[in-house]
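Shown next, in structure tokens, is the structure this report addresses.
The values are calculated or read from the model by the stated rules, or taken from the named source; none is laboratory data. Here the structure is a predicted model, which is why all the values come from computation and not from measurement. Ideal geometry is used to build each Cβ from the backbone, glycine not excepted, and the neighbour counts take in all protein chains shown. What goes into the accessible areas is simple: the full protein's heavy atoms, side chains included, and nothing from ligands, DNA or RNA. Shrake-Rupley method; radii C 1.70, N 1.55, O 1.52, S 1.80 Å.
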Amino acid sequence: MTGTDSLGLAALRPRLPSPLQEVADERFERRGVRLLLKRDDLIHPDLVGNKWRKLAPNLATADGRTVVTFGGAYSNHLRAAAAAGRLLGLPTVGVVRGQELAGLPLNPSLARCAADGMRLHFVDRSTYRRKSEPETLAALLRAVDAEDAVVVPEGGSSPQAVRGCRALGEELGEHADVAAVACGTGGTLAGLAAGLPAGRRALGIPVLKGGFLERDIRRLQEHAFGGPRGTWSLEERFHHGGYARTTPGLDAFAEDFEDRHGLPLERVYVAKLLYGLLALAEEGAFPRGTALAAVVTGRPFP
């Protein structure tokens, strides 16, 4: 990609394609399912997992301009965007949901953003919900003195990012019958499904409540590809109360998985994905002989 090369992204030496690792887990094996881990968490130490795939196409248009993006107080995307700015010498601004946070000490996630040079701008939740409306967005850009900025959507899920995530499906190719990923904004699933070969399908495990992702994913594919691409579905039952929320059952599962396989599990996305896949396997959702790939999109923080 010429634009990203000009920014020096190639010099950051991403590990692509990311490794595909089969793990022996008797809970899946007794259901006749092979579990594969697509280790996107190993792509780059600072731009972890699907954040590389989504940020690289967005940053291709930066050309030295400030990058403005959006997220909550514990946003993986904000941390990745801040790290990209530091590594590439790009100014970054993070618009953070929750005006009430402005007067409080920064949590570890936002502190990392600030340490990487990101300016943080806190807004009330009503304004945040309207951030994609032209007038609201223009006012936000004026407020942070970045009216000519490159604007990256929440989660990085722009049409360019969706097209970038298509490579994830292409890398998996014929290795997996079902490719599963945890979903926040849906951009990774939209691209993953588009990149898979015919006869393979993508499965999304949303980590938020609300039931809105199907509509959003269809819209993302429309904007990125001009219409639907690939075969995909969502399984909405495994959000464990909502974004960044957990339950004793999820924590127990994650600790057990870590003990079995020596892989620390990020709780917001990856643990919910694997918990859901095990529950589905035990319900008989996957035919015997299925090769099931789980995309490891991040690692624990801090």
Using DSSP to define loop residues, name the chymotrypsin sites (Phe, Trp or Tyr not before Pro) in region 41-139 whose beta-carbon has at most 12 other beta-carbon atoms within 10 Å. none
At q = 0.06, 0.12, 0.15, 0.16 Å⁻¹, what is the base-10 log of I(q)/I(0) for the chain according to the Debye formula with one equal point scatterer per Cα and no solvent? Please give it to two decimals. -0.19, -0.76, -1.20, -1.36
Taking the Cα centre of region 169-245 as origin, sum charge times position over the Cβ atoms of Lys and Arg (+1) and Asp and Glu (-1), and report the length of that vector in debye to the nearest 20. 320
Per the 1.4 Å probe, what fraction of the accessible area of region 183-256, in percent, lies on carbon and sulfur atoms? 49
Averaged over all directions, how much area does the convex hull of the C-alpha atoms of region 233-299 cover when projected, in nm²? 4.9
Please identify the GluC sites (Glu not before Pro) of region 214-248 that satisfy two criteria: DSSP loop assignment and at most 13 other Cβ atoms within 10 Å. Which are they? none
Angle between the chain longest axis and helix 213-225 axis [Cα atoms, degrees, rounded to 10]: 70
By how many degrees, 0 to 90 and rounded to 10, does the Cα axis of helix 248-261 deviate from the longest principal axis of the chain? 70
Within 14 Å, Cβ to Cβ, of ALA82, how many net charges do the neighbouring residues add up to if Lys/Arg are +1 and Asp/Glu are -1? +3
For region 111-191 the GluC sites (Glu not before Pro) that pass both the DSSP coil test and the at-most-16 other-Cβ-within-10 Å test are GLU147
For a Förster distance of 30 Å, can you work out the FRET efficiency between the beta-carbons of ALA102 and ALA279, rounded to the nearest 0.05? 0.15
Within the accessible area of region 116-180 (1.4 Å probe), percent carbon and sulfur: 46
Beta bridge orientation in the chain: antiparallel %, DSSP, nearest 5: 10
